[in-house]
Amino acid sequence: MHPERQLLPYPSVSDPASGRPRPGSASADDPDLALVRAMAAGDERALGLLYDRWQPLLHSLVFHVVGDAGDAEEVLEDALWQAWRQAGTYDESRGSVRTWLTTIARSRALDRVRVRRAARQDVSLEDAPASAEFVLAGGGPAEAAEAADLRARVEQALAGLPPDQRETVELAYFRGLSQTEIAEATGQPLGTVKTRARLALQKLRTALSSLREEAP
Amino acid sequence: MTIEMTHDEVREALGAEALGALDGGERERVLAHVAGCDACRAELDALREAAALVAHVAPHRPLAPARTADVRSRLLARAAADGVSRASQDDVTIEAAPAPIPAAFPPPRADAEPARAAPSRPDVTPITSARRGRGAMAGWLAAAASLLLLIAAGVYASGLRRQVDALQARATQLEAERTRLADRVQQGEATVASLSGPAVKVIEMAAARPADPTGRMFWDTRTARWTFFAHNLPATRPGREYQLWLVTADRKISAGTFRPGPRGSAVVQAEYELPPGSLQAVAVTEEPAGGQPQPTGAIVLAGAMSTR
């Protein structure tokens, strides 16, 4: 174990985990990018700082998917560990650190749910809770104002979607259902599910594009 | 079943792919197309960015402070160990100290890259000298020249900005490396100090068996650091380990368990506060692996504290 170090050679950070979405526009002064690069160079302190920045969001995400505190903690650790191991392959031209991290965390969380379901030999769709279950309650006082702001905007954008599109996004993103499973669960043709997924994401992108332009 | 999908079919499926909702075969075909189609790739990347934002609507529930500290320290310990093993894979490892406490001097990190090539400088648009116009054209030309100058200055500034960014990234890397080296030096200095400081007492130990293992304990009474070296120790039997003891008038304090290396040598480091007058002896016994609260096995090495 390393002794405490005072010196943190990384850009100071004012927007923990809440920074504006900056898809594909990572630049050298992006603190997340600096951290991922330092991780790739083997600096474990960068992993600690990345963890500090993203833990609130990533834990919220994996907890929402797995629904169990113990599992969520393990999945969170697995996800960050995977990020550490794969930091060298992160390609900022393909997406933001946010997308990279949430993708890893979500996959690990869904894996955990699948393992649990397989263990119970229960693969029915009844595991998928009713849709439209986004909880709009705000975060506690610990939630940074900017994170709360971003969450509010994403929620608003989602709320603006037609219910069937929103449902498709929820079932796929948080429950990990495939388009075939969603089609069965909702009684819609496969092509309809596909179209809904695409339209929903395109609308989200448009609704949130103003955020991107505000990015520093 | 490797029917290629048309561009339009792929495009239609990109939303489902961004949400991870495509089924196996279709997913493969979509990704195969995307690999060779810049437009679809850009679209997919953008849709994935949008999908990632959905994470934000999960109810806010950060890990509790006590738990998060645990997870964080586990991750950092794993990463530090991983860094050391990555370094040793690159053949720059020093011989590992045969001690239960990881080597006092961690092997140098091989993965700390030296100078990474700075991103190539964008060409700076040269400012061409504007020729003086004549008559009515003069004003227009002057304005055009100013405009050119402005554009050139903008290009130049953005070039500078990129250079500054590259230098900042480089400075960040170098600073991280400097901190790491400073830590290593500090660690080394602490070890040397605990062997050679004015307050260091040395306890000689002699063998209690025909084989002649030897041991020497360095006790830095100022920093409470203990450094123990042993040589010629016989290998421990399976399921057994050596245990090092600090013996005072009223108790025997375990300073750790260890196994000797292939040549019978061992180094143990420990930190333990003990009033300078209270140590009577240092001993090594053989115990069940993991150690015992009190010595139970045969004494392998023992040494009395000299009264000098």
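The values are calculated or read from the model by the stated rules, or taken from the named source; none is laboratory data. Remember, it's a predicted structure, so these values are computed and weren't measured experimentally. Counting neighbours? That spans all protein chains shown, and the Cβs are built from the backbone with ideal geometry, glycine included.
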Open item on the list: For segment A:174-208, give me the residue count where each residue is more than 8 Å from chain B (Cβ to nearest Cβ) and of a type in the set (A, V, I, L, M).
Closed with: 4
Task: Extreme residue, surrounded by the most Cβ atoms within 10 Å (Cβ to Cβ), among residues of segment B:61-87 that are in contact (Cβ under 8 Å) with a residue 12 or more places away in the chain and facing chain A (nearest Cβ under 7 Å) - done: B:GLY83
Open item on the list: Can you pull out every residue in segment A:101-119 that is at pLDDT 90 or above and of a type outside the set (Gly, Ala, Ser)?
Closed with: A:LEU101, A:THR102, A:THR103, A:ILE104, A:ARG106, A:ARG108, A:LEU110, A:ASP111, A:ARG112
Open item on the list: Can you find a residue that is over 19 Å from the mean Cα position of the chain (by Cα) and at pLDDT 90 or above anywhere in segment A:201-215?
Closed with: no
Task: Every pair of residues 6+ apart whose Cβ atoms lie under 8 Å, when the first sits in segment B:11-25 and is more than 7 Å from chain A (Cβ to nearest Cβ) and at negative phi while the second is outside any helix (DSSP H, G or I) and at pLDDT below 95 - done: B:GLY25/B:MET1
Open item on the list: Can you pull out every residue in segment A:176-187 that is touching an Asp or Glu at 6+ places or on another chain (Cβ under 8 Å) and not hydroxyl-bearing (Ser, Thr, Tyr)?
Closed with: A:GLN179
TODO: Examine segment B:264-272 for a residue that is within 14 Å of B:ARG216 (Cα to Cα), touching a helix residue (DSSP H, G or I) at 6+ places or on another chain (Cβ under 9 Å) and touching a residue at least 40 places away in the same chain (Cβ under 8 Å), and state whether such a residue exists.
DONE: yes
- [ ] Within segment B:30-60, count every residue that is surrounded by fewer than 18 Cβ atoms within 10 Å (Cβ to Cβ) and within 7 Å of chain A (Cβ to nearest Cβ).
- [x] 1
Open item on the list: For segment B:210-308, give me every one of the strands (runs of 3 or more DSSP E) that falls completely inside it and has 3 or more residues that are under 27 Å from B:GLY188 (Cβ atoms).
Closed with: B:214-220, B:225-231, B:240-248, B:252-258, B:266-271, B:279-288
